[in-house]
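Inspection log for the structure reproduced underneath, given as structure tokens.
The values are calculated or read from the model by the stated rules, or taken from the named source; none is laboratory data. Everything quoted here is computed from the prediction, not taken from an experiment. Counting neighbours? That spans all protein chains shown, and the Cβs are built from the backbone with ideal geometry, glycine included.
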Amino acid sequence: MIAEELVKQFGDFTAVDHLSFEIQRGEIFGFLGPNGSGKSTTIRMLCGLLLPTEGSGRVGGVDIVAEPERVRRQIGYMSQEFSLYRDLSVQENLEFYGGAYGVVGRLFAERSSSLLERLDLAAERDRLAGTLSTGLQQRLALACALLHQPPILFLDEPTSGVDPVSRRGFFDLLGELARSGVSILITTHVMDEAEYCNRLVLIHRGRRMALGTPGELKAQVPGRLMQVRAEPSMPALDLLAQRPEVLDVSLFGTALHVAVADAVSEPAELIRSVLAPAGIEVGEIRAVRPTLEHAFLSLVGEEPE
Ligand SMILES: Nc1ncnc2c1ncn2[C@@H]1O[C@H](COP(=O)(O)OP(=O)(O)O)[C@@H](O)[C@H]1O
Ligand SMILES: [Mg+2]
């Protein structure tokens, strides 16, 4: 799948701004960006649901502008909106989506049973979808999107509102699908979730800020990151921010995260020498590894959420 210089404008507003990327077969590719950054709009263009203003894309070799309906037939799509029928049972929801994709009769019986087994939903077959927990609803929505065995799967914030344990299980499932050759594009604004992706794009205001593996993106964070306990923390933050050797400083829970230029040989000593004379009480200072949140922050200059 490839997106080339995709643009979507709504009136004067540019929601997606010349976005390009390529996704390999069997890859879990993440789209990480704050709300309103253009993730859903991009997915809808790639699913053949929305025409780009400019640019092009091919999904499974099919052109998204010339043949959007052919694109739709060969993909699975889990939209950000609730897509199940609450007052239909698990089984009836599957039948509905099976019908929509032309998966009926014996084929439907086989596939739906195997998906229910695989997604641990077999015991819930007769329950109404509206009575399931969010985690189970999400697995049912995935089952519905997989009935026609699409080689490409689009998941738009599939785990929002789901607890971390169920999220973990969901990503284990995605890993299995990817290993069987399915390409997966998943959007999220949750940092720890992005860690499960093989590669990801960081997007902000419709623009691509960076693309790479989680490791590559974290390696781009400049300087050395130090976690500092200091009281009171706000004046400490202000003092450190004024120093040229300090590349970035932010509040992280009750501690400060301070990125110090690589040229400084003793970052902890530098930090103490800035804070102690101002009467600030300095506790533990230790080096920490950058996270994707730091990568986002250093590229964009603001928090992802
Ligand atoms: N149909 C539309 N008409 C006008 N503006 C839209 C429309 N769809 C999305 N937008 C705007 O485009 C921006 C990106 O939206 P979206 O792609 O949903 O972002 P995300 O999924 O990253 O939260 C937002 O500012 C949103 O308000
Ligand atoms: Mg969205």
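Any residue in segment 222-230 that is outside the structural domain of residue 155 (by TED's automatic domain parsing) and exposed (fewer than 12 other Cβ atoms within 10 Å of the Cβ)? Checked segment 222-230: no residue is outside the structural domain of residue 155 (by TED's automatic domain parsing) and exposed (fewer than 12 other Cβ atoms within 10 Å of the Cβ). Among residues of segment 194-208 being within 14 Å of ligand 1 (Cβ to nearest atom) and either charged (D, E, K, R) or free of Cβ contacts under 8 Å to residues at least 24 places away in the same chain (or both), the one that is farthest from residue 220 (Cα to Cα) is 205. Taking segment 252-290, which residues are touching an Asp or Glu at 6+ places or on another chain (Cβ under 7 Å) and either under 18 Å from residue 222 (Cβ atoms) or of a type in the set (Ser, Thr, Tyr) (or both)? 259, 260, 261, 264, 270 - these are the residues of segment 252-290 that are touching an Asp or Glu at 6+ places or on another chain (Cβ under 7 Å) and either under 18 Å from residue 222 (Cβ atoms) or of a type in the set (Ser, Thr, Tyr) (or both). The C-beta contact set for segment 28-53 (first residue closer than 15 Å to residue 154 by Cα and near ligand 1 (Cβ under 6 Å from one of its atoms), second residue of a type in the set (A, V, I, L, M, F, W, C) and outside any strand (DSSP E or B), distance under 8 angstrom, 6+ apart or interchain) comprises 41/50.
Of the helices (runs of 4 or more DSSP H) lying entirely inside segment 88-193, those containing at least 2 residues that are farther than 25 Å from residue 69 by Cα, free of Cβ contacts under 8 Å to residues at least 12 places away in the same chain and not aromatic (Phe, Trp, Tyr) span 105-118, 164-179.
Across segment 119-131, the qualifying residues are those that are buried (at least 19 other Cβ atoms within 10 Å of the Cβ) and not charged (D, E, K, R), and the one among them that is nearest to the chain's Cα centre (by Cα) is 119.
Comparison of 94, 116 shows that the only residue that is surrounded by 14 or more Cβ atoms within 10 Å (Cβ to Cβ), modelled with pLDDT of 95 or more, away from ligand 2 (no atom under 16 Å from the Cβ) and more than 22 Å from residue 156 (Cβ to Cβ) is 116. Just so you know, in segment 1-45 the residues that are outside any strand (DSSP E or B) and of a type in the set (D, E, K, R) include one that is nearest to ligand 2 (Cβ to nearest atom), and it is 39.
Being of a type outside the set (A, V, I, L, M, F, W, C), modelled with pLDDT of 90 or more, assigned by TED's automatic domain parsing to the domain that holds residue 96 and within 9 Å of the chain's Cα centre (by Cα) is the requirement here; does residue 193 meet it? It is false that residue 193 is of a type outside the set (A, V, I, L, M, F, W, C), modelled with pLDDT of 90 or more, assigned by TED's automatic domain parsing to the domain that holds residue 96 and within 9 Å of the chain's Cα centre (by Cα).
Do the conditions hold for residue 58, that is, is it surrounded by 18 or more Cβ atoms within 10 Å (Cβ to Cβ) and part of a strand (DSSP E or B)? In short, yes. Assigned to a loop (DSSP other than H, G, I, E, B), within 16 Å of ligand 2 (Cβ to nearest atom) and assigned by TED's automatic domain parsing to the domain that holds residue 188: is that true of residue 48 in this structure? In short, no. If you go through segment 160-186 and pick out every residue that is within 16 Å of ligand 1 (Cβ to nearest atom) and surrounded by 22 or more Cβ atoms within 10 Å (Cβ to Cβ), you end up with 2.
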